[in-house]
Amino acid sequence: MSSNEKLLDIKDLVVHYETEDAVIEAVNNVSFEVKRGEILGIVGETGAGKTTIGLSIMGLLPKPPANVIQGSIKFNGRELLPKTPVPASAVDLVARRRRRREENKLKRMHRTIRGRKMTMMFQDPMTALNPVLPVGDQIAEVIRIHENVSPAEAVKRACEMMELVRIPATRYQEYPHQFSGGMKQRVVIAIALACRPDLIIADEPTTALDVTIQAQVLRLMRELQRKLGTAMLFITHDLGIVAELCDRCMVLYAGEIVESGTLEHIFDNASHPYTQGLFASIPNLEEETERLTPIQGLMPNPADLPSYCSFYDRCPVRTDRCKLANPELVEVEPGHYVRCIHAQLKKGL
Ligand SMILES: Nc1ncnc2c1ncn2[C@@H]1O[C@H](COP(=O)(O)OP(=O)(O)OP(=O)(O)O)[C@@H](O)[C@H]1O
Ligand SMILES: [Mg+2]
């Protein structure tokens, strides 16, 4: 892939939450890329680290307790993370000052990118909407702030955005509480798209909606994404949404990518026992299944991760070898990566 095609390039990202009594290893050596105009899905159960990855890209991690330990996030070729490592010692004041200076510089750069070049959508539309401001004005405000256009031009553009997400512009003056859940989420989409960002990070944006409305909103997102060429990082725990929306997908478990590939790789040739378990636990309309098989057990405590395979305790194919070390993420076929020694052995690797 040429560097020009890569919109987002993340390497070896490690993020911890450091609380008084524990260090939570939320994201562990995560590397991936998002090409211009593509939709990459991140799937994983609760606590896997999905939102933490999204917030790291947006520069919105709560610091403290969050601490980016290492890694690189390049967006449009620009580095968003400090190059100076976290000072090894808390008393190394010079190193701490140097790091803080760099962090402040990056914070300022992030502010110029956020909302204009990249934007994030959250699960609950009300977190993104102001309850006391007409929805049209909320869209116009984003356009005015980021594009430096006249108020009249911003209103005109906001009306166009409303029509684009199929809300009549005649409802410009109405307040969020006058809209249904699905319509509110469409307003959020309009706000997200208003400045034509290169990247949208969508963090379970349809989970709060009922399934029919969810399907409508997803269809609209896909349609607009194609029309405008926006790349998307779509965070979900729902493989059905991934199948409907995404071009590629990665499966996150205990802060690590355990499998990634195209939809074909993941859906037709799932190779990590965790991904296989995810499929066994959802209903399949084409096959008659007596009973669904949930994955037994829980994800390991992120404050106390094992030194070996993090899926070991729940894995149906585990052997003693799995306890020797944490397996590497290995390319088992072009573009298909798996972190499991058994899957790798099966492919003769
Ligand atoms: N502000 C915080 N302080 C301490 N720990 C946190 C904080 N935010 C997240 N964590 C922890 O970091 C880990 C990853 O959390 P994250 O929110 O990224 O998971 P997620 O995959 O988005 O989960 P969900 O599907 O529930 O949204 C979890 O163990 C979580 O408890
Ligand atoms: Mg989350």
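Close contacts from the range 244-257, counting a first residue that is more than 17 Å from Cys315 (Cβ to Cβ) and surrounded by 24 or more Cβ atoms within 10 Å (Cβ to Cβ) and a second that is modelled with pLDDT under 95 and of a type in the set (A, V, I, L, M), with Cβ to Cβ under 8 Å and a gap of 6+ residues or different chains, come to Cys249/Val242. All of Val23, Val34 fail the test of being within 11 Å of ligand 1 (Cβ to nearest atom), touching a strand residue (DSSP E or B) at 6+ places or on another chain (Cβ under 7 Å) and of a type in the set (A, V, I, L, M, F, W, C), apart from Val23.
The residues in the range 214-247 that are more than 16 Å from ligand 2 (Cβ to nearest atom) and either among the hydroxyl-bearing types (Ser, Thr, Tyr) or touching an Asp or Glu at 6+ places or on another chain (Cβ under 7 Å) (or both) can be counted, and the count is 4.
Would you check if there is a residue in the range 173-192 being on the phi > 0 side of the Ramachandran plot, assigned to a loop (DSSP other than H, G, I, E, B) and surrounded by 16 or more Cβ atoms within 10 Å (Cβ to Cβ)? So far as the range 173-192 goes, no, none of its residues is on the phi > 0 side of the Ramachandran plot, assigned to a loop (DSSP other than H, G, I, E, B) and surrounded by 16 or more Cβ atoms within 10 Å (Cβ to Cβ).
So, Thr207, is that one outside the structural domain of Gly47 (by TED's automatic domain parsing), modelled with pLDDT under 95 and within 16 Å of ligand 1 (Cβ to nearest atom) or not? Yes, satisfied. Taking the range 37-51, which residues are more than 7 Å from ligand 1 (Cβ to nearest atom) and farther than 20 Å from Phe267 by Cα? Once the filter is applied, which keeps residues that are more than 7 Å from ligand 1 (Cβ to nearest atom) and farther than 20 Å from Phe267 by Cα, the range 37-51 yields only Gly37.
Is it fair to say Glu102 is more than 27 Å from Gln123 (Cα to Cα), in contact (Cβ under 8 Å) with a residue 12 or more places away in the chain and not in a strand (DSSP E or B)? So Glu102 passes the test.
From the list Ala202, Ala208, the one residue that fits, being assigned to a strand (DSSP E or B) and within 16 Å of ligand 2 (Cβ to nearest atom), is Ala202. Considering each residue of the range 185-198 in turn, none proves to be farther than 27 Å from Thr127 by Cβ, touching a helix residue (DSSP H, G or I) at 6+ places or on another chain (Cβ under 9 Å) and aliphatic (A, V, I, L, M).
Note on the range 29-39: residues that are surrounded by 22 or more Cβ atoms within 10 Å (Cβ to Cβ) and within 21 Å of Asp12 (Cβ to Cβ) amount to 2.
Give the residue, chosen from Val188, Val149, Val135, that is without any contact (Cβ under 8 Å) to a residue 24 or more places away in the chain and among the aliphatic types (A, V, I, L, M). Break it down into steps so the answer makes sense when it comes.
Working: Val188 fails: without any contact (Cβ under 8 Å) to a residue 24 or more places away in the chain; Val135 fails: without any contact (Cβ under 8 Å) to a residue 24 or more places away in the chain.
Just one listed residue meets the conditions, Val149.
Can you work out which of the residues in the range 207-231 that are among the polar types (S, T, N, Q) and touching a residue at least 40 places away in the same chain (Cβ under 8 Å) is farthest from Glu33 (Cα to Cα)? Ranking the qualifying residues of the range 207-231, first place goes to Thr207. Quick check: is even one residue across the range 1-13 over 13 Å from the mean Cα position of the chain (by Cα), within 16 Å of ligand 1 (Cβ to nearest atom) and either buried (at least 20 other Cβ atoms within 10 Å of the Cβ) or among the aromatic types (Phe, Trp, Tyr) (or both)? Yes - at least one qualifying residue is present in the range 1-13. Is there a residue in the range 79-89 that is farther than 29 Å from Met250 by Cβ and either exposed (fewer than 15 other Cβ atoms within 10 Å of the Cβ) or within 16 Å of ligand 1 (Cβ to nearest atom) (or both)? Among the residues of the range 79-89, at least one is farther than 29 Å from Met250 by Cβ and either exposed (fewer than 15 other Cβ atoms within 10 Å of the Cβ) or within 16 Å of ligand 1 (Cβ to nearest atom) (or both), which makes the answer yes. Screening Ala66 on (1) closer than 25 Å to Asp198 by Cβ; (2) in contact (Cβ under 8 Å) with a residue 60 or more places away in the chain; (3) within 16 Å of ligand 2 (Cβ to nearest atom) shows it passes everything except condition (2). Here Gly54 passes the criteria (1) of a type outside the set (A, V, I, L, M, F, W, C); (2) within 16 Å of ligand 1 (Cβ to nearest atom); (3) part of a helix (DSSP H, G or I); (4) farther than 26 Å from Ile295 by Cβ except the one numbered (4). May I ask you to verify whether Ile73 is β-branched (Val, Ile, Thr), touching a Lys or Arg at 6+ places or on another chain (Cβ under 9 Å) and closer than 24 Å to Glu256 by Cα? So Ile73 passes the test.
The values are calculated or read from the model by the stated rules, or taken from the named source; none is laboratory data. Given the structure is predicted, the values throughout are model-derived calculations rather than measurements. Heads up, the Cβs are rebuilt from the backbone with ideal geometry, glycines too, and the neighbour counts pull from every protein chain shown.
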